[in-house]
Amino acid sequence: MAWTEGDVWKTEAQVPVGAEVDFKVVKVKGDGGEAVWEDGDNRSFKILGPDFGLNVTCHWNRSRDIKFEVYRLNDQRQQQQQQAGAAAASAVGNGTGARQQQEAAAAGSVATASRSRPASAASSVASYDGDANGNGRAGVSSWVGADVEFVRSRKSGERRGGVWRTEGLSGPMLQLVKGDQEASSWLKKLGLQKRLLVDEPPACRPRLPELSALYVYASWVNTGALPCAESGSHYRPNHHANLALAMFRSLEWVIGDATRGGGSRDPASERLILAARRMHGRLPSFSGEFRVSTPLTRIRDIAHRNDIPKDLKVCVCVCIGLVDLLDSTMSSLDDAHASAVRQLVSSRQRVEAAGPGPGGAKLEDLMALLTATTQARSFYVAGLVAGLRNDVTDEVLSMRQRWRLAELRLEEYAFVVLSRIIASLEEQGAPSKLHRANNLQWSLPLAALTCGLRHLGLSLFNTRELLVLESELQRWHATAPLVENKECALRAKASLERALRVATEYGEAVSEVYGSTAATLGSALGLPEHMGAVFAESEVRSSVAFQVSKLAAMLARALRTAAGQEPWDVLVPGEATGVLREVASLEAAELSSPSASDEGVVLVVRRASGDEELGPLGSRLRGVVLLQELPHLSHLGVRARQDRVGKALAAGRWADVVVPLGAAAAATCGSKAAKCAALAELAAASKGLFAAPRGAVVPFGALEAAVAAAGRAADWEALLRRLDDPRVGGADLEAACAEARALVAGLEVVTTLTSSSAASSAASSSPLLLAVRSSANVEDLAGMAAAGLYESVVGVPADDAGAVAAAVAEVWASTYTRRAVLSRRSAGVSQSSARMAVLVMELVAPDLSFVLHTARPRDGDAGVLLAEVAPGQGETLASGTRGTPWRFEVTKSSGQVATTAFANFSSALVLPSRGKPVAAFAAYGSAAAANAAAAANDGGAAAGSGGRRLGALVEREVDYGTQRMSVDADWRLTVVRQMAAVGSHVEAAMGGVPQDIEGGVVVGPDGSASLHVFQTRPQ
């Protein structure tokens, strides 16, 4: 860098378009000596358009204080930059993330680029198009089309260029590309959008593919990336407004229908709402002044009047600031709503007067502004949630559009204010101070996070979980200082990680809706590749969820520091050496490499379900670093701990009767059933330490007998040979597995068989529910636990023979899932030697489920027991559900308990009579939402309301502020010690071999805890 006057050092570099550039400043004396690196994280930027340069201004040791100023290159310099950038592309690499300018813009430090850009510039990168006070749109790209020209006369004979590739397209994208070729003018492009949104969908309700494609298309039309040409004809402006009115009505119907979907969460409906809401922001206004049928000649005469300023004649631009938009709705607001809007405007003026950046608005004023923004938006959303009637007038629709735009703009403004709050917290050193701060100092960042979460809920995303999450955070903050001790910090950290997970899920939903659509449509329309590639990411990074994730991550890091916790959890201890490779998932990993067949690989995996197999990845896999929490008993966790797998397993014989659980033997009923029989005997002799459920077993051979009875034995044997053939893989293997499962599902399970099972496991009380589980000869063995590999069906009514039969068949069929087949292949076990017995037991519906690892998994220490606990049924722990369980380490010799994590799973599987559903909140804080919540909490819950049903069970969101394991330290300590005593007792009975023990806790009305053990297996 070269020194310039004012002690400013400058340099110029050439980078390729799309490259993510990280840099840091280093001081080195001319005569040598030690280099001095500045503190803080790397700075980064990205050039997304070939026609612009970027001035980057920063200050020594202030890595977050960075200013970006975009400028336009002249033709000669542009050509030089493009040539140099192409030459440097291989050295710098292609970036995959879009550098967002809106955060710096929110602090008032970004200079606005020219609004006239060639169409080759990056149009899909979101920036805050306006000032730091909300006079603009977050997430709406700047103009990237040709230079704006005021048309003074009719043009004709112009040739219109463009690219319209239709190969491989179908559905709405094909219709859009074909339609755009014929739609030269803006009016025609609006007509094309109206046709796909209104005219063609059934009942004028577009589906997600139409909404996704049209939002991307409209974004590029509105920013000039897809140019509009003169059509050669004159149309009055009311044509455009009438098209927008029709589209607005359809979008409101979509939102209304999706919010009436009942009590359970529906991700598909959430994505529909997300896409419909965003599409609203791409429609022109249809207010009364635009619907007037004014002749175009009169508009032309007005433009030639001498009393209109020249600037207005040259460029006619219609724009409205946030305050003007809110003011246009005031006549329709009640007193409370109008007061909230006035409070917002007053707070905004105070922040605006203080100015941006260091020394500007106080953190307390920014928080007051965020609170006012949130409150005002909640009123607008509450008014919109009632839905749209078919008989409303155009004037009512026009005001409803203003309300909809107001709530959208307030969401965007909340993004800006949150960004300024985070920047202010960082400037004040909050990330390094919060771990020792008092509760008063935590109040503001937690309140900001709560407001961010509420905005996500007001967007109708995962509303129930957000409601209970806010309740949790408020309770933890009110109960005790967050950093008072390790347990308080861990408890609050669990909720913050839950908030981070919800924000991540929102980002994933946005990427799912727009990612592939933008890339495909951009290519088909001949736009630069980066415009489609970064579209979804820019939508994510310009959303409130992005700021929520930043703030939640900052606060969670502080609490992790306060708890003295390492930033990772070890599932399998050891050392691994290999090439580090990042993959999205284990299924996406490909380790075959002819040029380096023996080279070890350590995978960094962004996401795992917990059900994956490691064996198919081959011998090159040396280790896995998973960027998420995972229960130790998930299938992946268990498989990762196994050093080797047994090579041969003997098949047993099938008896002609159902085997009572007490008579179950490993040779005929599988190791799991035999251990459950031993557990029942052990529980009876434990003097009340724990209980075990009763049951019966459908033994080995029953499946084969049912196949033979159906006359399908030859087909079955041929299928097993295909599954054993190592040449059958990929789609062929999936097809063979599906065929095997279909054959099993079609079998008739003998009625006497199922009724005998139910009778053998019946209790004295009625009605009885059953848990139907696997007990194969290829699971629950040393080195082959197969945890979570086979199906379990819970909540089966014992008096419904058909339901019991279907559950037995479902467990049988799970023997032939793709991952089960691959698991046996990697273990050297033939498919024909695998036998599946079915364990039918009375269902214990616990309040808490636990897994006890009697030797700590991360280092094999037999003196320390690890307990993992989750709310509701234990499938949460075995299935790899996203979230963290309560984790406790118990020193066996002393009984000392160390809490290492608090639970933050989003939901639990419970009986309909247990737990209470959480009411959805379309408008947080509204009277309607409060009344719905009160009604839901009165007198228990109707079956299926407020949660997803699974058999006789329902899935309900968990409020950990009401979970005794989280709020009562003495009770928690007592129950964990009870678990440890059970673990030691079972381990000793199994010959001292370390065990993985699954069980549940039933909490009595008096708070007493009864422990039940369901199964145990060698660790």
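The values are calculated or read from the model by the stated rules, or taken from the named source; none is laboratory data. Note that the structure is predicted; figures quoted are calculated from it, not measured. A quick note on method: Cβ atoms are made from the backbone with ideal geometry, for glycine too, and the neighbour counts reach across all protein chains shown. To get the accessible areas, we keep the full protein, side chains included, count just its heavy atoms, and leave off ligands, DNA and RNA. Shrake-Rupley method; radii C 1.70, N 1.55, O 1.52, S 1.80 Å.
Give, in whole angstrom and from largest to smallest, the semi-axes √(5λ) of the equivalent ellipsoid of region 429-564, with λ running over the eigenvalues of the Cα gyration tensor. The partial results should precede the final answer.
Details: eigenvalues 246, 46, 22 Å².
Semi-axes (√(5λ), whole Å): 35, 15, 11.
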Relative contact order of region 330-428: what whole-number percent is it, with Cα pairs under 8 angstrom and at least 6 residues apart?
32 percent
What part of the accessible area of region 391-533, given as a whole %, is carbon or sulfur when the probe is 1.4 angstrom?
52 percent
Semi-axes of region 802-921 from the Cα gyration tensor (sqrt of 5 times each eigenvalue, largest first, whole Å) come to 30, 25, 14
Two pseudo-spin positions, 7 Å from Cα along C-beta at N55 and at L973, lie apart in nanometres by 6.4 nm
If DNA, RNA and ligands are ignored and the probe is 1.4 Å, what is the ranking of K178, K550, K29 by accessible area, most exposed first?
K29, K178, K550
Mind listing the long-range amide H neighbours of A608? Cut-off is under 5 Å, sequence gap 5 or more, other chains count too, H placed in the peptide plane at 1.01 Å from N.
none
For region 995-1009, just list the computed ³J(HN,Hα) in residue order, Karplus coefficients 6.51, -1.76 and 1.60, θ = phi - 60°, integers in Hz, with x standing in for Gly and Pro.
10, 9, 10, 9, x, x, 10, 9, 9, x, x, 8, x, 5, 10
In whole Hz, the Karplus estimates of ³J(HN,Hα) for region 488-499 (6.51, -1.76, 1.60; θ = phi - 60°; x where Gly or Pro) are 4, 5, 5, 5, 5, 4, 4, 5, 5, 5, 5, 4
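Taking a probe of 1.4 Å, how large is the accessible area per residue of region 429-564, in Å²? Intermediate results must be reported in sequence, preceding the final value.
Numbers: 4120 Å² over 136 residues.
Averaged over the residues of region 429-564, the accessible area is 30 Å².
Using per-residue counts of other Cβ atoms within 10 Å, averaged over each peptide, order 1006-1018, 203-215 from highest down.
Values: 1006-1018: 18.8, 203-215: 21.1.
By packing density, highest mean first, the sequence is 203-215, 1006-1018.
Quick check: at a probe of 1.4 Å, how many percent of the accessible area of region 781-902 sits on carbon and sulfur atoms?
Details: 1540 of 3130 Å².
Looking at region 781-902 in its full context, I get 49 percent from C and S.
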What the Cα atoms of region 330-428 span along the principal axes, largest first and in whole Å, is 54, 22, 16
Could you check the simple spin-label distance between Q474 and R721, using points 7 Å along Cα→Cβ, in nm with one decimal?
6.8 nm
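For the pairs K675/K892; K486/K892; K67/K362; K362/K550; K27/K433; K24/K46, flag any whose C-alpha to C-alpha distance is greater than 18 Å.
Numbers: K675/K892 23 Å; K486/K892 21 Å; K67/K362 21 Å; K362/K550 20 Å; K27/K433 28 Å; K24/K46 15 Å.
The answer is K675/K892; K486/K892; K67/K362; K362/K550; K27/K433.
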